[in-house]
Amino acid sequence: MTFLRCLAFRSVPLISLLSAALLFTGCSTALFTRKATDLTRFKRIYVESRLSDNHRIDEKIATELRTLGVDASFGVPTMLPDGVDAIVSYEDRWQWDFKDYMIEIKIDLREARSNKPLATGSYYQASLKTKSSEAVIRLILTPLFRPSK
């Protein structure tokens, strides 16, 4: 009986430590942005739609770009309009855990004529409290389109 009490008493710190580790590993987020040039000179941007996009991310990216003062449109790659300065492509990943939420997105911006990479941004959220896709897109695009100093 004494041995069982001693074993139970010694395992309390271990259980507490494991519980804390599980709690904190489930709440990670990461934001990364990088631009090769000042993006404020790109006034007309086209967001390439993905055929597998069921969440209208293309439309949300174009809306946020318009909020940032850019003339943005979206559609399939074959319908690229004339006079576009840059093209946005994206990859998103969604998870379902009692609700559908975006777990990861990567946004790439490239020059329309040369296909040269201009900027990239990504966001990863694996937490209990997730941000909306609009908020995540805003977190990525705002620093990219901030004027360089």
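Only the coordinates and a few stated rules stand behind these numbers; no lab work does. Source: prediction; values computed, not measured. With ideal geometry, Cβ positions are generated from the backbone for all residues, glycine too; neighbour counts draw on all protein chains shown.
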* Would you mind ranking Val88, Val76 so that the residue whose beta carbon has the fewest other beta carbons within 10 Å leads the list? => Val76, Val88
* Rounded to the nearest 0.05, what FRET efficiency do Arg41 and Phe98 have when you use their Cβ-Cβ distance and R0 = 41 Å? -> 0.40
* Candidate lysines for bridging to Lys43, where Cα separation is under 30 Å - those fewer than 8 sequence places away on the same chain excluded -> Lys35, Lys60, Lys106, Lys116, Lys131, Lys149
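Hey, fewest Cβ within 10 Å first, where do Thr37, Thr120, Thr78 land in order?
On the way: Thr37 13, Thr120 17, Thr78 6.
Neighbour counts put them in this order, fewest first: Thr78, Thr37, Thr120.
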* Asked: For the residues Met102, Met79, what sequence is obtained by ranking on other C-beta atoms within 10 Å, fewest first?
  -> Met79, Met102
* Write down the Kirkwood hydrodynamic radius of segment 27-144, to one decimal in angstroms, obtained as one divided by the mean of 1/r over all alpha carbon pairs. => 14.5
* **Residue-by-residue Karplus 3J(HN,Hα) for segment 124-138, coefficients 6.51, -1.76, 1.60, Hz, glycine and proline x** => 10, 9, 10, 9, 6, 10, 9, 8, 5, 4, 4, 5, 5, 4, 4
* Asked: Full extension from Lys129 to Glu91: what is 0.36 nm times the residue separation minus their Cα-Cα distance, to one decimal in nm?
  -> 11.5 nm
* Structure fact -> With a Förster distance of 30 angstrom and the Cβ-Cβ distance between Thr78 and Leu31, calculated FRET efficiency to the nearest 0.05 equals 0.40
